[in-house]
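**Student:** Would you mind keeping the following structure in view while I ask a few things?
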Amino acid sequence: MNYNNSNSGSIAKDIIVFVVRVFVGFAMLSHGFPKLQMLLAGGKIEFFDFMGLGPQISLILTVFAEFVCSILLILGLFTRISLGFLIFTMVMAAFVVHGADPFEKREMSLIYLSVYLLLMVMGAGKVSVDHMIERRKRASDW
């Protein structure tokens, strides 16, 4: 029995990419959901003011990345586009928002950043809406 054939490696890769995508997506939702609640609460928003856009716009952009893009990541829909927003958000969190803080404050955003970069390179895998769309597109192209 050959355990090194490319098909079993591909299946394992797709399962691992799926598990990582879903796990990290739900993990980031736990950060994005409280920000969504803050946004919907309607009170005075105290949030990092990114590039002078104001705290409300900065919060809206962060909620889009951490909440909306995390849902898209879980589904594997528009995966690389969503990862672009998530990567940008984690770069800002690690190097701008917490840039002067000790490593412990930046560690979580750096871990997310590294996983997002890995997923950007690996893609969504076969267990994703992106793959289903691509497969259907190829079938209709004849």
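**Student:** How much mean residue ellipticity at 222 nm does the chain get from its helices, if each DSSP H run of length 4 or more adds -39500 (n - 2.57) and you divide by all residues, to the nearest 500 deg cm²/dmol?
**Tutor:** Estimated from H runs of four or more residues: -23000 deg cm²/dmol.
**Student:** Please give the solvent-accessible surface of M51 in Å², to the nearest 10, using a probe radius of 1.4 Å with every protein chain present.
**Tutor:** Estimated to the nearest 10 Å², M51 gives 150 Å².
**Student:** If you don't mind, another one. Compute, for the chain, the length of the dipole vector about the Cα centre, with Cβ point charges of +1 (Lys, Arg) and -1 (Asp, Glu) only. Units Debye, rounded to 20.
**Tutor:** With Lys and Arg at +1 and Asp and Glu at -1, about 460 debye.
**Student:** Tell me the accessible surface of F47 in square angstrom (1.4 angstrom probe, heavy atoms of protein chains only), to the nearest ten.
**Tutor:** 60 Å²
**Student:** On to the next question. Run the accessible area of region 44-85 with a 1.4 Å probe and give the carbon-and-sulfur part as a rounded percent.
**Tutor:** C and S fraction of accessible area: 74 percent.
**Student:** Keeping all protein chains in place, calculate the accessible area per residue for the chain (probe 1.4 angstrom), answer in Å².
**Tutor:** Computed with neighbouring chains in place, this is 64 Å² per residue.
**Student:** So what are the ³J(HN,Hα) numbers for region 110-125, from phi and the Karplus equation (6.51, -1.76, 1.60; θ = phi - 60°), rounded to whole Hz, Gly and Pro as x?
**Tutor:** Each residue of region 110-125 in turn: 5, 5, 4, 4, 5, 5, 5, 5, 4, 5, 4, 6, 6, x, 6, x Hz.
**Student:** Taking 0.36 nm per residue of sequence separation and subtracting the Cα-Cα distance, how much length would be gained by fully extending the chain between L61 and M122, in nm to one decimal?
**Tutor:** 19.4 nm
**Student:** Additional query: Residue-wise, which Karplus ³J(HN,Hα) couplings in Hz belong to region 63-73, taking 6.51 cos²θ - 1.76 cosθ + 1.60, θ = phi - 60°, and x for glycine or proline?
**Tutor:** Once rounded to whole Hz, the list reads 4, 4, 5, 6, 9, 5, 5, 5, 5, 4, 5.
The values are calculated or read from the model by the stated rules, or taken from the named source; none is laboratory data. All values reported here derive from a predicted model rather than from experimental measurement. Glycine also receives a Cβ, built like all others from the backbone with ideal geometry; neighbour counts cover every protein chain displayed. The accessibility values were calculated without ligands, DNA or RNA, using every heavy atom of the protein model including side chains. Shrake-Rupley method; radii C 1.70, N 1.55, O 1.52, S 1.80 Å.
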